[in-house]
Structure formats: structure tokens, C-alpha cells
Amino acid sequence: MYPNQQYSQPGGGRGAPYPQQPPYGVPHGIAGGYQQNMSTPYGGNQGGFEGPSNPYNQGGYPSYGQSGNYGPGGYSTFNQQPYGANPYAQNPSTSGTGYPPPQTSGYGPSSGNFMPNDQRTQRLNQVTQQYEINQQFAARLYALGNCEVVVLCDDSGSMNTPIQGTNQTRWDELKSLVNIVVDICSVMDSNGIDIYFLNRDPMLNVTDTRYVRQVFNAPPQGLTPLVPALRRILAAKRNQPYEKKLLILIATDGAPTNEYGQLDVGALEAVLRHERTP
């Protein structure tokens, strides 16, 4: 369903050896991007979100994922109600963490182009000003209207690592990065984005950053099983008859590991070579 797939090679532009990458802060940035059936949406090299004081003027995370029996269509989606309208339901698999109430289905038939062009332009201008994204890069963001965007987030234990010279951790910076992606993509697509993790349940159809903050309240823990997580995403998307192109952005601070915590880059390479198409 998704021919002509492209993938930024793991660790592109990075000199640090596996398995641990340099700190999850500057000079890294949004994932290199695992991309299906599309040319680079930003018109060339995917840098970061640029701006004079924006921390995302970065080169790119490598791309990888976790395990588990997740079948296509097996996830609930988030029906984002007005903040405070309904209490969040308790997620039985995550102790002490509340989640927004699920929908009964996945993406609807809407193409996602829910805003008039002038309204979309106005809203996108507000977002780019908020995050200090330069105009040249901002003009390329319109290509995201033709993409089904999925973000795969590393929630392994190493994401608790503090960022040198700041009072934040890699997990804090990842949350900020995901907020930017949600704000941008919700302008271009009323369905929002899907946010997957390595060691916890995904959030589907996210259009509001309040839901990002909710799930990021639970601290990261576990290994870096990137390959199974990537397989879950591909399996879920294969059975969905979307006309849009699938773009997977992957943010991680380490190399893929197997269920024993051992480095396993070969499994990732096998997925990229043999499992990207139905």
C-alpha cells in the first residue's frame, strides 16, 4: 500500500557509537523520519525547527521501536473533549496515570482538510511564530497536509538522563518536540497524529497538546525495543485504506535492543529492507 518508501539511515550525521547516543538535546532534533510513498515533505534535508531561541534547530534523531501483541486496529483513539469536561479514564495498564476517554473507532472518512485555506494559513502562521520557525521552513509544512503522520517516541529508561547545562531531561525535551509536531499537524489534518511509544500504549488521533502532557507525566522506563514498535505501526497502517502518504517520525537517544537488552541493529535493517511494504 505504501510503495517507494524512504528512510533516513540510523544515526545519520552523528558521530557517537552505539548503543548510547549523545544527549537528547542540542544538537539533535526531530527524527530522521521513516517515510512511505512520498518524497521528503520539507523539500530536502530535514533539519530542525529553526529560530533564534528555539532548541529544535537540530540535525535529526536516528529512527527505530518495542514488542507486544498489537494487531491492526487494536488501539483505542482519543476523543478530545473540552479540558475538564470529563474526568480521564484510568488506563488499566499504567498505574496511577489517567488518560483521556477513548473513541470507538479509528480515523473517520474525513480527508482531514477541515479548515478553509485562509484560516489554515492564519493558524499555521500563529504556530510558526509561537515556535519561532523561520518562514522558509514554514512554507514547507504545507506538504504535511498530504501525509498521515505518526511519531514513535523513545520512552526507555535512558530518557531520564539530564541535559547538560539545563534543568531538563531528554524526556522533557521530547515532550516539547511532540507538542510542536501536534500543534503543526493539527492545523493541516483534523485527524491529528498518532503517537506511539516503545514501552506503553499509543495515543491515536491526537490534536491537543494537553493529551501529550497527560501521557508524558508517567516517567520513562524500560529498554529500547524499537523494531517491534515499528512493526506494530506498519501492521496497523497496512489495513487502513488511506489515500495519504505515511510519514513516521522517530525520536530516540539510543540504538535498538532485543528483549534481553542487547544491541540489535540487524533486526532494524531487516525491517527496513523487507517489511516496509504489504
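The values are calculated or read from the model by the stated rules, or taken from the named source; none is laboratory data. Remember, predicted model here, so these are calculated numbers, not experimental data. Note that each Cβ is placed from the backbone with ideal geometry, even for glycine, and that neighbours are counted across all protein chains shown.
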Test: residue in the stretch 193-216 that is assigned to a strand (DSSP E or B), within 30 Å of Gly266 (Cβ to Cβ) and of a type in the set (Ser, Thr, Tyr): yes
Residues that are part of a helix (DSSP H, G or I) and among the charged types (D, E, K, R), drawn from the stretch 143-160: none
The stretch 238-255: number of residues that are touching a strand residue (DSSP E or B) at 6+ places or on another chain (Cβ under 8 Å), modelled with pLDDT under 90, not in a strand (DSSP E or B) and not aromatic (Phe, Trp, Tyr): 2
Odd one out for Ala218 among (1) touching a strand residue (DSSP E or B) at 6+ places or on another chain (Cβ under 9 Å); (2) within 24 Å of Gly192 (Cα to Cα): (1)
Output for the stretch 254-276, where each listed residue is among the polar types (S, T, N, Q) and either closer than 14 Å to Ile233 by Cβ or surrounded by fewer than 13 Cβ atoms within 10 Å (Cβ to Cβ) (or both): Gln262
